[in-house]
1. Any idea how far the Cα center of the stretch 65-112 sits from the one of the stretch 8-54, in Å?
2. Would you tally the net charge around Leu48, using a Cβ to Cβ cut-off of less than 14 Å, leaving Leu48 out, and scoring K and R as +1, D and E as -1?
3. Taking only DSSP H segments of four or more residues, each worth -39500 (n - 2.57), what value at 222 nm results for the chain once the sum is divided by all its residues, to the nearest 500 deg cm²/dmol?
4. Treating only the Cβ atoms of Lys and Arg (+1) and Asp and Glu (-1) as charged, compute the dipole magnitude of the chain about its Cα centre; round to the nearest 20 debye.
5. Please arrange Glu84, Glu68, Glu51 by accessible surface area, largest first, computed with a 1.4 Å probe and ligands excluded.
6. As a test of the definition: which semi-axes, in Å, follow for the chain when you take the square root of five times each eigenvalue of its alpha carbon gyration tensor? Largest first, please.
7. What ³J(HN,Hα) values, in whole Hz, does the Karplus curve 6.51 cos²θ - 1.76 cosθ + 1.60 give for the stretch 91-102 when θ = phi - 60°, with x put for Gly and Pro?
Amino acid sequence: MLFTGCGTSFHAALATGAPAAQALELVLGNAPAADVLVALSHEGTTRLTTEAVEAFGGETWLVTGAAESPLARLVDHVVVAAPEIEKSYCHTASYTTAVAAGRALLGEDVSG
């Protein structure tokens, strides 16, 4: 399983503790091999993350706050982790819920 994203979403991907690569690395073909790609995108509209998903040859997941987004329509599975799209540029709740969802996908108990 490989996690990806851009900006804050990439930092959330890193915080899961799983292998992670910036979306640009996938687009350029420089990412580690993986069977499953988990893309993190707060709003599901990041162009580079979309291109990374399109370039990936295996199963794809999206962790997002937007169930109805361009990225959500593109992936195999969608996890809506944030209760709503944040109005703040800080994405504090989106970041925290993306990290928790990523760790849950890895099998960690995040109920605490």
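1. 13
2. Summing Lys and Arg as +1 and Asp and Glu as -1 gives -3.
3. -10000 deg cm²/dmol
4. Values: 4 positive and 12 negative charges, 42 e Å.
Here the size comes out at about 200 debye.
5. Final ranking, largest accessible area leading: Glu68, Glu84, Glu51.
6. 19, 16, 13
7. Each residue's phi maps through the Karplus curve to give 6, 4, 5, 4, 4, 4, 6, 5, 5, 4, 5, x Hz.
The values are calculated or read from the model by the stated rules, or taken from the named source; none is laboratory data. All figures in this text were calculated on a predicted structure; none of them were measured in a lab. Note: ideal-geometry Cβ built from the backbone for every residue, glycine included; neighbour counts use all protein chains shown. Just the protein is used for accessible areas: all its heavy atoms, side chains included, with ligands, DNA and RNA removed. Shrake-Rupley method; radii C 1.70, N 1.55, O 1.52, S 1.80 Å.
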